[in-house]
Protein chains: 2
Amino acid sequence: MRREETSLAPQRELAFQRLKKVSESGLVSVFDFKRNPQNIFTAHEMITLIDGSLATKFTVQFNLFGGSMICLGSERHSSVLEGVDSLRTVGCFALTELGFGNNAMEMQTTAHYDEQAKEFVIHSPTTISQKYWITNGALHANYAVVFAQLYMPIKGTKEYKKEGIHTFVVRLRNDDGSLRKGVFIEDMGEKLALNGVDNAKIAFNQVRTPREAILNRYSDVDENGVFTSTIPKMRERFLRVADRLLSGRLCIAGLCMGGTKIVSCTGLRYAKARLVLGPDGKSTSPILEFQLFQNAVYPLIARTICLHIAFNIIKELYSKDIFTTDMEIVRFVCFIKPLITWNLKEISTTLVERMGGQGYLAINRVGEGIGLGHSGITAEGDNSVLMQKVTKELLTDLQTQKTKLPKLTQCPKRDIPNLEDVTKIDTILNLLKWREISKIQELGNKTTQGMQAGKSIYEIWTRENNDLVQEVAIAYSDRKVFEFCIHDIQTNAKNTIQKPLLIALSLYGTHLLTKDLGWFLMTGSINAKAAQNLVSRHKELVKEFHIYALDLVNAYGVPEHSLTAPVAHDYVEFNELPWTGGKTKPKL
Amino acid sequence: MRREETSLAPQRELAFQRLKKVSESGLVSVFDFKRNPQNIFTAHEMITLIDGSLATKFTVQFNLFGGSMICLGSERHSSVLEGVDSLRTVGCFALTELGFGNNAMEMQTTAHYDEQAKEFVIHSPTTISQKYWITNGALHANYAVVFAQLYMPIKGTKEYKKEGIHTFVVRLRNDDGSLRKGVFIEDMGEKLALNGVDNAKIAFNQVRTPREAILNRYSDVDENGVFTSTIPKMRERFLRVADRLLSGRLCIAGLCMGGTKIVSCTGLRYAKARLVLGPDGKSTSPILEFQLFQNAVYPLIARTICLHIAFNIIKELYSKDIFTTDMEIVRFVCFIKPLITWNLKEISTTLVERMGGQGYLAINRVGEGIGLGHSGITAEGDNSVLMQKVTKELLTDLQTQKTKLPKLTQCPKRDIPNLEDVTKIDTILNLLKWREISKIQELGNKTTQGMQAGKSIYEIWTRENNDLVQEVAIAYSDRKVFEFCIHDIQTNAKNTIQKPLLIALSLYGTHLLTKDLGWFLMTGSINAKAAQNLVSRHKELVKEFHIYALDLVNAYGVPEHSLTAPVAHDYVEFNELPWTGGKTKPKL
């Protein structure tokens, strides 16, 4: 219970002690990456039900740090790796630099190889090259996976050759907890949320680490100081090691899905219990009965359910091959993290507002979702940057015919603009496909025209059509999620649950269409009458969803003991006065 | 600088010490309510530049507590009132009860008059009747203005007669800081933000306070125990004392406008300094140059500028008569608080995301705006409840012909749907008027139809058409703000500043239209071609605004010393390493 004042130190200690409990439970192991990656993803979701700070420390320890060693290291790193499960080794992941959050390829941390000593010398040459935001760094980590530009000596000269970005396991702290010589660490201080996480600025002043420290799955330096790599291009070398961020995106998505469950479960239970102005002028009506609450919240709950289904499918696809280079799966991973983290941010923001004061109180944990959402939006690749990547990869695959545009089952040019009801699931899907195709074609045309006019892709995409670049990715993702859900609900959902899930799917669909109603009308994809019917039907679906809403969020299966918010239970009892005990509770 | 760990106690002490500094400065006095109310409103805005917690404590002390005594009390309360400026008296405002945040009329705290002792007995009979969220209550207040249901003894019986809600000055703490007998206070603990504010739960167990404690502007009890009131109806008695919330709404709006200035100034300066991927592949381009940043942020800055102009006009209108019963001014006050607080929430949320990690760091104070916005959204009346009030009062005044529907200067039924350019300021205004008229008529029709079908107003407004009730208020508010700005910019802005302000106004206008594009198209208010032109013009306006954006936010005049965020200045210098001092700053 977070009722007492909380300064940073005890919050961090608490998160660390909880991490120890997770470690002791034996329920999850870094070696799951090889035998059962799904267990790792699920663990993120479950752990967030307890504590977002714990989950953040966990994802760095098990996925970013431990997972990197499993996926990029070899036998010779096993002594460090074997300490991960037990926390004998606590690790961090030193990729981001102050000046290169957006352009990691240009990072400035260097690793010069010293032939004599057979050591790498890790160094931060500039202020903006310091590692920034490094979780576990300020207090608990004794090791780091450090990303640095490798420089190999050119034999017989004093010159060095740049070999691109590689990863090194670097010891940060001695056994007694003191910093190793040349390691500079500063606590980043207070944040918007997740203050149990000990984020650090880390810099290296000529820190030496043995030759074996390089994670050598793709590149290595042998005993004679000879550098070899299975990847010829420097740029590719970075991209391959940065692939570690892919599984990280699923971890962040899981973490934020866990947060979404806590937040929506708490919010809806409170809305059912909180009595406000009723038809009799007394405080007799739960706010859950208010259309204002329902319209604001239910479409987001429906979206959560659909994102959850899609997320499960994507996790399964990815888990079949964690070294996948299937760009379709890469796209799925790159869009599901943005969609889930944005959803958490929006649902928390909405619930805090609709819950009023109780949403604002820390102990109820709903406001926490805003901060958790924001941390997820930035982590493992900024959402908008990832969405731009989705568009880029999609257009590349379309050009090389590795993928195709979606196929319409109705022809919107002929049929759909004349329909007066566009709210059938199949019609919604066709409209989403139609939007996707149109946006892709529009971006394609604008890119071609721009290039013909002598503009660079950079100028066309970031200066002139960035909105369209984002819209393509969103149109594609919305369609894929919707398609995943249709298939999954029709094939897997049993009879009793199929009906509410279909209502959720329809509501998600009408939400997507109404959000972009201007575009559908402006382009003649639907007509005015269809739009009016869509708006009415959307309103009806909110009412239909109301019947199942509370049952659906309870069906997330959040364990009662992890719903620690007083308002998720009996908030009147929680506030009981010494002289009024039990007298006048509102009926729950 | 909030770099160190912060627990609740030192944050609160800091906010209190700062309140003392404000008090010692002599720049603002509770007596300004009589001689210069504008000074109080301006003080809120300025003080928030320093600290939102301080501003919250300030607004309770000077407006809710002090202002209530000025406006509702009389000579006999002068000894308490005279302590307000110097903080000899620190007060709180005990209106909200746990169970009646939404329906204060039904509050349960009682004040029974004891004829014998000539005292009121203040009592909290139930758990849900405890006063909740009471700022200054947990630590610093020695007095409270308490709202309670007054019960007067019926002479010659043991019965009491209910006289409705009245306000009483009740002493909470003794000179030594200990609680008075029967006063129960519990600290509410940590919140989403503003943790320097000592919010309390306050309950009364038969607490006695002298007969003179009743604030007697409208009602009084004389020496013989005779109750008199200038307001016959009980309901009206509450509404008159609750009028105090009107000035409070302007205070909260000022407070959140101050927050908006800090947040946008910090965000734009950082965006100018932060270098990310440029056309050369190096980190050479400020994020301010990215269309993604501009599209997300500039329309909100333009909206801020327009809300600011409208706010100044509304403050001036209200300040002419702080006891105003002019319902038009009441409506203005009731919509400007929602618009400004929602704007702060949205701009902070957007900037945190677009700034990435630096937005998430507490020291940069941008994330603070999210919490400040949420506190403003709930304070002095939930935004949606206020917007519903705006609609209700507007429809009432229309029915009784105290006000008229806005007059179109073009006839949209004939002209506007055929226009291909709807982005001229006069056309935008006509479209906003048209939307307002249509929504009012739609709600009027639905209300009439519903009532003819035997439904209650409650059912029609809260269960079936709550979205429309909100939309009417928003349509009305948007139109009024736009109209205020046209008039103000055309009359008052000097030549050099007029051009950027007109761009801001146009951008605000196209933002309003594009946000509701589906409605304008669906209703045939504009055609598809006009919509396409609108979308392009909106994009162009963002580019035109870019030229002035940074100058405009700097022109808010936020003093440099209150821009405490490192990213508002030289964030590289702030992060300097011992061995890299000054070497590689990005150019600012």
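The values are calculated or read from the model by the stated rules, or taken from the named source; none is laboratory data. Being a predicted model, the structure only gives us computed values, none of them experimental. With ideal geometry, Cβ positions are generated from the backbone for all residues, glycine too; neighbour counts draw on all protein chains shown. Side chains are part of the model used for accessible areas, which takes the heavy atoms of the whole protein and leaves out ligands, DNA and RNA. Shrake-Rupley method; radii C 1.70, N 1.55, O 1.52, S 1.80 Å.
Side notes on the structure shown:
- A dipole drawn for the protein assembly as shown from +1 and -1 charges on Cβ atoms has a positive end, and of B:G91, A:V28, B:G367 the residue lying farthest that way is B:G367.
- Across peptide B:370-380, the average count of Cβ atoms from other chains found within 10 Å of a residue's Cβ is 4.
- The range B:11-56-the range B:244-309 distance, computed between alpha-carbon centres (Å): 25
- Positive-end extreme of charge dipole, the range A:112-208 - chosen from A:N205, A:L172, A:P153 (charges on Cβ): A:P153
- The alpha carbons of chain A occupy a box of 88, 74, 40 Å along the principal axes, longest dimension given first.
- In this assembly of identical copies, the label point of B:R414 (Cα plus 7 Å along Cα-to-Cβ) is separated from its counterparts by 4.2 nm, sorted shortest first.
- Remark on the range A:206-343: Rg and Dmax equal 24.3, 87 Å (Cα only).
- Placing a label point 7 Å from Cα along the Cα-to-Cβ direction at B:G524 gives distances to the equivalent points in the other copies of 1.8 nm, listed shortest first.
- The spacing between the range B:513-574 and the range A:448-475, judged by their C-alpha centroids, is 20 Å.
- Computed over the range A:317-359, the quotient of the alpha carbon radius of gyration and 2.2 N^0.38 Å is 1.77.
- Within 10 Å of the Cβ of each residue in A:355-365, the mean number of Cβ atoms contributed by other protein chains is 6.
- The other copies place their A:E560 label points at 6.1 nm from this one, listed shortest first, where each point is 7 Å from Cα along Cα→Cβ.
- Shielding of peptide A:457-468 by partners, expressed as the average count of other chain Cβ atoms within 10 Å per residue Cβ, is 4.
- Average projection area in nm² (convex hull over Cα atoms of the protein assembly as shown, one quarter of hull surface): 47.6
- Karplus-derived 3J(HN,Hα), 6.51/-1.76/1.60, for each residue of the range A:442-447, Hz, glycine and proline x: 4, 5, x, 4, 5, 5
- Placing +1 on the Cβ of every Lys and Arg and -1 on the Cβ of every Asp and Glu, with nothing else charged, gives the range A:494-562 a dipole about its Cα centre of roughly 260 debye.
- Cα-derived Rg to Rh of the range B:1-86, Kirkwood definition: 1.02
- Qualifying lysines (Cα of each under 29 Å from Cα of A:K158; at least 8 residues distant if same chain): A:K118, A:K131, A:K181, A:K233, B:K282, B:K583, B:K585
- Between the range A:73-129 and the range A:357-429, the C-alpha centres lie 35 angstrom from each other.
- Anisotropy class of the range B:25-70 from Cα gyration tensor, a/c 1.5 cut: oblate
- Violating pairs (Cα-Cα greater than 27 angstrom) within the set A:K191/B:K539; B:K21/B:K191; A:K539/B:K543: A:K191/B:K539; A:K539/B:K543
- Gyration tensor (Cα) of the range B:170-263, equivalent ellipsoid semi-axes in angstrom: 32, 24, 11
- Using alpha carbons only, the radius of gyration of the range B:29-160 set against its Kirkwood radius gives Rg/Rh = 1.03.
- Only Lys, Arg, Asp and Glu carry charge here, each on its Cβ (+1 for the first two, -1 for the last two); on that basis the protein assembly as shown has a dipole of about 1240 debye about its Cα centre.
- Probe 1.4 Å - accessible area at B:M451, Å² to nearest ten: 100
- Diffusion constant of the range B:327-470 at 10 °C, which comes from Stokes-Einstein with the Kirkwood Cα-pair radius and 1.306 mPa s, µm²/s: 88
- Charge dipole (the range A:246-379, unit charges on Cβ, about Cα centre) - positive-most of A:F290, A:G258, A:F335: A:F290
- Restricting the trypsin sites (Lys or Arg not before Pro) of the range A:307-348 to loop positions (DSSP other than H, G, I, E, B) with no more than 13 neighbouring Cβ atoms within 10 Å leaves A:K320.
- Taking θ as phi - 60° and the Karplus parameters 6.51, -1.76 and 1.60, the scalar couplings of the range B:416-425 work out to 4, x, 9, 6, 9, 10, 10, 9, 5, 4 Hz in sequence order, x denoting glycine and proline.
- Note on B:A528 and B:Q401: the model spin-label points, each 7 Å out from Cα along the C-beta direction, lie 4.5 nm apart.
- Reachable lysines from B:K337, criterion Cα separation under 20 angstrom, eight or more residues apart if same chain: B:K57, B:K261, B:K315, B:K320, B:K345, B:K389, B:K392, B:K480
- Assigned charges on the beta-carbon of Lys, Arg, Asp, Glu; chain A dipole about Cα centre (debye): 620
- When nucleic acids and ligands are ignored and a 1.4 Å probe is applied, B:L179 ends up with an accessible area of around 70 Å².
- Here the convex hull built on the C-alpha positions of the range B:221-283 has a volume of 125 cubic angstrom per residue.
- q = 0.19 Å⁻¹: log10 I(q)/I(0) that the Debye formula gives for the range A:283-383, counting C-alpha atoms only: -0.96
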